[in-house]
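See structure below.
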Amino acid sequence: MKKQTPDMRQHIIDVARALITHKGYSAVGIAEIVNAAGIPKGSFYYYFKSKEEFAEALLEHYFSHYLQQVDAQLSGSGSARERLERYFSFWKETQGADLPESKCLVVKLGAEVCDQYDSMRHILAKGTDKIVQKIAQCVSEGQQDGSLPAGPDADELAEELYQLWLGASLMAKIHAPEKAFNKAMNATMRLLA
């Protein structure tokens, strides 16, 4: 039997993310996860006491990785407005692509797990709050550097923008992604004007 390592734990999370992003939490069983990961069922339970604990680890990993991507888009060169536009263009590009590993787990799992699993709802709430805080910080910087109007409350505007893009991501699953994201970008430009 292979030695258990943290890399194996991450391997399980990585393999299962594509499955869960594609099918959802309820539709993917542990047997499918261990089969896709190429491990015995006991190895799954070595790292995770339950499927719910596994999903919590998956969400924690997702937010950790995604928040790094948010930082990369919202920092660096350009005015704060340009950095916000870069972030939402990144969102459009990643969520509009047909790549399960780039899809937003908030959109995929939010409605499915929040009513049934309080622990997962808590992780989703904490992670989305951090994203909104990063957007709000950039809005505030834009109000200071003059690239964004000083009037709107930065926290409220950040929340509105994030909810707008979550809605666009959901509509992109129902209708044509290009149309949903173009409308979201147009609305974003109006909100930032």
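The values are calculated or read from the model by the stated rules, or taken from the named source; none is laboratory data. Nothing here was measured: the structure is a model prediction, and the numbers come from that model. Cβ: placed from backbone, ideal geometry, glycine included. Neighbour counts: every protein chain shown.
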Quick one: how many residues across region 28-78 are surrounded by 15 or more Cβ atoms within 10 Å (Cβ to Cβ), under 16 Å from LYS126 (Cα atoms) and not hydrophobic (A, V, I, L, M, F, W, C)?
-> 4
Matching option when the condition is polar (S, T, N, Q) and in contact (Cβ under 8 Å) with a residue 12 or more places away in the chain, among SER77, SER26 = SER26
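Listed here are the residues, each with its yes/no results for (1) of a type in the set (Lys, Arg); (2) under 30 Å from ILE12 (Cβ atoms); (3) in a helix (DSSP H, G or I); (4) in contact with a Ser or Thr (Cβ under 7 Å, 6 or more places away or on another chain).
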| position | (1), (2), (3), (4) |
| --- | --- |
| LEU84 | no, no, yes, no |
| LYS92 | yes, no, yes, no |
| ASP115 | no, yes, no, no |
| ALA125 | no, yes, yes, no |
| LYS134 | yes, yes, yes, no |
| GLU156 | no, no, yes, no |
| GLY167 | no, no, yes, no |
Residue check, GLY110 at pLDDT 95 or above and closer than 29 Å to ARG190 by Cα = no
Examine region 20-43 for a residue that is modelled with pLDDT of 90 or more, assigned to a loop (DSSP other than H, G, I, E, B) and of a type in the set (S, T, N, Q), and state whether such a residue exists.
-> yes
Can you pull out the residues in region 111-122 that are in contact (Cβ under 8 Å) with a residue 24 or more places away in the chain and of a type outside the set (Asp, Glu)?
-> VAL113, TYR117, SER119, MET120
Filter result for ASP14 (in a helix (DSSP H, G or I) and exposed (fewer than 13 other Cβ atoms within 10 Å of the Cβ)) = no
For residues that are in contact (Cβ under 8 Å) with a residue 12 or more places away in the chain and either aliphatic (A, V, I, L, M) or not in a loop (DSSP other than H, G, I, E, B) (or both), scanning just region 145-154, find the one that is surrounded by the most Cβ atoms within 10 Å (Cβ to Cβ).
-> LEU148
Only one residue in TYR66, TYR46 is in contact (Cβ under 8 Å) with a residue 40 or more places away in the chain and touching a helix residue (DSSP H, G or I) at 6+ places or on another chain (Cβ under 8 Å), so which one is that?
-> TYR66
